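The values are calculated or read from the model by the stated rules, or taken from the named source; none is laboratory data. Bear in mind that the values here come from a model prediction, so they are computed numbers and not experimental data. All Cβ positions, even for glycine, are placed from backbone atoms using ideal geometry, and neighbour counts span all protein chains on display.
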Amino acid sequence: METAGGRPTLAGEKALRDVAVGQPFDIELGQAMDVVVQPKLERETKRLGRTRRDYAIELINAKTVPVTLELRQDGGRDDFKLTAGPKPFELRDGGPAWRITLPPGERRVFRYGFSYKD
């Protein structure tokens, strides 16, 4: 963000798409040095033509203010099924999305799993 005319203004070279008023709109932002999102594949199993993956994602907020993150999993695979994870979640682009607020200085592990046809 930059200040232009005394008001905060989005700065950068990223192209933005046009959307109708009131519709969801995603903006891809850069990385924050003091917010860490570190995914780790804990287990992958294959059985009867399906693959199951279980993830643990370490979330760290080293800021002095709360941050809100949105974690998404692409659901574009054939016969995608969420097998574990917190509820509720929203569907975003065909996959689950969780919105998480981390207080200042918090470290948390977020776990979920899914399966799909091989």
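Points to keep in mind about this one:
- Considering segment 1-26, the residues that are surrounded by 10 or more Cβ atoms within 10 Å (Cβ to Cβ) and part of a loop (DSSP other than H, G, I, E, B) include one that is modelled with the highest pLDDT, namely Val19.
- Failed item, numbered, when Arg92 is tested on (1) within 12 Å of the chain's Cα centre (by Cα); (2) farther than 17 Å from Phe25 by Cα: (2)
- Qualifying residue in segment 62-70 (condition: in contact with a Phe, Trp or Tyr (Cβ under 7 Å, 6 or more places away or on another chain), surrounded by 14 or more Cβ atoms within 10 Å (Cβ to Cβ) and within 28 Å of Phe25 (Cα to Cα)): no
- Among the residues listed as Asp74, Asp78, the single one being surrounded by 12 or more Cβ atoms within 10 Å (Cβ to Cβ), touching a residue at least 12 places away in the same chain (Cβ under 8 Å) and in a loop (DSSP other than H, G, I, E, B): Asp74
- Looking across segment 84-106, the residues that are closer than 12 Å to Lys63 by Cβ and either in a loop (DSSP other than H, G, I, E, B) or in contact with a helix residue (DSSP H, G or I) (Cβ under 6 Å, 6 or more places away or on another chain) (or both) come down to Pro103, Pro104, Gly105, Glu106.
- Residue in segment 81-113 that is surrounded by the most Cβ atoms within 10 Å (Cβ to Cβ), counting only those that are small (Gly, Ala, Ser) and over 15 Å from Val36 (Cβ atoms): Gly113
- Residue among Arg50, Arg77, Arg72 that alone is touching a Gly at 6+ places or on another chain (Cβ under 7 Å) and more than 15 Å from Leu102 (Cα to Cα): Arg72
- Test: residue in segment 42-54 that is without any contact (Cβ under 8 Å) to a residue 40 or more places away in the chain and under 13 Å from the mean Cα position of the chain (by Cα): no
- Flag if Glu58 is assigned to a strand (DSSP E or B), of a type outside the set (Ser, Thr, Tyr) and either touching a residue at least 40 places away in the same chain (Cβ under 8 Å) or surrounded by 14 or more Cβ atoms within 10 Å (Cβ to Cβ) (or both): yes
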